[in-house]
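In what follows, a single structure is set out as structure tokens and then discussed.
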Amino acid sequence: MHSQPIGPKGDFSEPSTDALSHLSFLHSRRESASKLEEVGQGLLALPSMNHNSYPSRGLDGPELLFPPANSCAALTLFHNQQNLAFVGADMIHILLGPADFDNRISDRDNCIFWQDDLTLGPVPLTQSLEDLTNIREFFRRSYRTETIMTAKDEEIAAEENGEQTSLNRASFAKRDEQLRQLDGAVEIVAWCGRNRREILMLCAVLNFAPPELLRNSKLMIAPCPTWGPFVCKPDELEQIFRARFPISHEFQEFLQQIWNGYTASDPGRLVAASKHALNQNGAIGRVLLWILEEYPSLENGLSRTEEDLLRYADEDNSIARIVGKSIGLSNDQIGDVDLYARIWNFLSCDQPLLELTTSGVSLADIDSMHALRQLAVRPSSFGRQLLKGKADYVHVNGLDRWIGGVHMCGKSVPWRFNRQTETLICI
């Protein structure tokens with residue numbers, strides 16, 4: 001096998017959080033956030049900006065978090081809160097989803113919620129935001145079906161949250177119209193943490209913004225903890241808001257390079273952007289490395305997320321516990337729906353990686369994601385072979401996965417991530 005290294009090598013710390021369920025994880029993360037003494041020490045590491053009114057930010061600091069942003073209730077909140085036009089606004093906020101703003105945040109109701117997790121599904125290079133939106137909405141409809149997210153799951157979420165929920169009917173039309181209406185007369189504040197979802201959101205917003213908007217607007221970043229503004233309390237959000245700083249033209253160009261690399265049909269450009277980011281900005285370089293780690297590994301064909309899930313199942317754990325632990329031990333933020341989808345695939349693929357240990361239950365009995373998460377599983381014999389590096393998931397089960405603009409399909413995927421050297425290679 002001939003391999004050609006094309007990626008960067010970096011030294012990154014291991015996660016330290018040990019949460020054993022989704023709820024306890026979010027609670028511990030929120031408690032950590034509340035103990036910050038200075039917001040400026042846990043901020044998104046971005047290049048320093050020369051601006052008399054705003055202090056430059058350092059490149060390192062303790063990490064916080066960003067919660068899963070794919071709950072059904074949150075999607076309903078998006079639609080209830082979004083105004084189509086911002087008449088007479090001095091400031092517009094751009095966020096992945098709702099945050100606990102109070103009246104200390106200027107124009108707190110003038111929010112554009114991006115809504116979309118660009119780490120999942122196809123994100124190819126498109127000429128317009130409308131073209132991308134069409135692709136993403138089609139993916140969301142099909143993804144809902146493929147992940148056994150059913151109407152029953154929505155009803156359960158609605159009962160738990162007291163909300164009318166609609167995961168499959170979420171539309172980006174209002175968001176797109178709001179973005180089109182932005183002009184250079186307002187201050188635009190992007191609330192962004194050190195995670196894949198929000199970095200890609202920022203890249204997309206800047207990519208599709210009209211050139212005159214980029215030239216004339218005061219574009220700002222509210223530098224959030226790693227898990228973003230959602231888990232922050234109002235006092236913390238107010239500190240983050242006061243610490244906002246302008247996005248330089250140089251940094252805009254840097255984010256454009258990342259977007260061009262992520263949406264390309266060949267990952268080489270993203271690797272080049274990652275190498276540049278590691279040299280210029282370690283925090284964003286690490287975020288890009290997390291993207292590259294989702295490619296099949298050279299050792300066993302599993303992505304980093306998939307291997308973690310399989311390892312956490314090694315003690316005959318419940319599926320809910322496995323998902324919670326995966327989220328809790330991740331330095332990045334990971335959506336729970338995607339993790340449940342991957343576990344479902346582990347159970348239902350041609351050569352299963354997991355087997356059910358709940359007595360009297362078969363796959364045919366699982367009719368919803370809610371039912372799935374109640375079950376207990378353990379690695380199958382094939383799963384144990386994968387963990388020992390004695391088998392290859394892609395060669396046996398094949399793959400059908402998008403990472404940005406790269407579509408990997410079939411049992412022969414040329415791109416592999418070498419975890420020993422932290423490089424993406426072409427085999």
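The values are calculated or read from the model by the stated rules, or taken from the named source; none is laboratory data. Here the structure is a predicted model, which means the values were calculated and not measured. Backbone-built Cβ (ideal geometry, glycine too); neighbour counts: all protein chains shown.
Points worth noting:
- Within region 260-302, the set of residues being farther than 30 Å from residue 387 by Cβ, in contact with a Leu (Cβ under 6 Å, 6 or more places away or on another chain) and assigned to a loop (DSSP other than H, G, I, E, B) is empty.
- The single residue among 89, 158 that is surrounded by fewer than 22 Cβ atoms within 10 Å (Cβ to Cβ), at pLDDT below 95 and closer than 18 Å to residue 188 by Cα turns out to be 89.
- Once region 233-251 is narrowed to residues that are assigned to a loop (DSSP other than H, G, I, E, B) and not aliphatic (A, V, I, L, M), the residue that is farthest from residue 111 (Cα to Cα) is 248.
- Test result for residue 196, out of contact with any strand residue (DSSP E or B) (no Cβ under 6 Å at 6 or more places or on another chain), modelled with pLDDT of 90 or more and assigned by TED's automatic domain parsing to the domain that holds residue 138: yes
- Checking 230, 254 one by one, the residue that is out of contact with any helix residue (DSSP H, G or I) (no Cβ under 7 Å at 6 or more places or on another chain) and assigned to a loop (DSSP other than H, G, I, E, B) is 230 and no other.
- Residue list for region 343-367, restricted to those being surrounded by 13 or more Cβ atoms within 10 Å (Cβ to Cβ), within 27 Å of residue 410 (Cα to Cα) and not hydrophobic (A, V, I, L, M, F, W, C): 345, 351, 352, 355
- From the options 282, 324, 301, residue that is under 22 Å from residue 368 (Cβ atoms) and not polar (S, T, N, Q): 324
- Among all positions in region 225-241, there is no residue which is within 24 Å of residue 293 (Cβ to Cβ), of a type in the set (S, T, N, Q) and surrounded by fewer than 20 Cβ atoms within 10 Å (Cβ to Cβ).
- Every condition in (1) at pLDDT 90 or above; (2) crowded, with 17+ Cβ neighbours inside 10 Å; (3) part of a loop (DSSP other than H, G, I, E, B) is met by residue 201 except one, and the failing one is (3).
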